[in-house]
1. Once phi is turned into ³J(HN,Hα) by the Karplus curve 6.51 cos²θ - 1.76 cosθ + 1.60 with θ = phi - 60°, what whole-Hz value does each residue of region 22-36 show in order, with x for glycine and proline?
2. Residues in region 1-29 near a label at V39, defined as backbone nitrogen under 17 Å from the 7 Å Cα→Cβ point?
3. Can you tell me what the convex hull of the Cα atoms of the chain projects to on average, as an area in nm²?
4. Only loop residues by DSSP count here, and only those with at most 11 other Cβ atoms within 10 Å; note down the GluC sites (Glu not before Pro) in the chain that meet that.
5. When the dipole is taken about the Cα centre of the chain, and only Lys, Arg (+1) and Asp, Glu (-1) are charged at their Cβ, what size is it in debye, to the nearest 20?
6. Could you list the chymotrypsin sites (Phe, Trp or Tyr not before Pro) in the chain that lie in coil according to DSSP, counting only those with at most 15 other Cβ atoms within 10 Å of their Cβ?
Amino acid sequence: MESCLQYFKDKGFVIVVSNNMSSDGSFDYLKGLEKEDLVDKLFR
């Protein structure tokens with residue numbers, strides 16, 4: 001995810017990630033990216 005964010009930064013792309021409610025911590029990971037201002041909008 002981080003490499004995608006770095007590559008597409010300032011290129012006008014939207015990256016959509018779908019979470020299947022797994023228990024692997026992916027939503028928490030995305031929340032961390034949101035806190036670092038690397039994710040603009042995060043919905044659950």
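FYI, it's all coordinate maths here, none of it is from the lab. These figures come from a predicted structure and were not determined experimentally. Heads up, the Cβs are rebuilt from the backbone with ideal geometry, glycines too, and the neighbour counts pull from every protein chain shown.
1. Using θ = phi - 60°, the values come out as 6, 9, 8, x, 5, 5, 4, 4, 5, 4, x, 5, 5, 5, 8 Hz.
2. It comes to 1-9, 14-29, nothing else.
3. On the way: hull surface 12.6 nm².
For the chain, the mean projected area of the Cα convex hull comes to 3.2 nm².
4. When the GluC sites (Glu not before Pro) of the chain are filtered for loop state and at most 11 Cβ neighbours within 10 Å, E36 remain.
5. 140 debye
6. F13, F43
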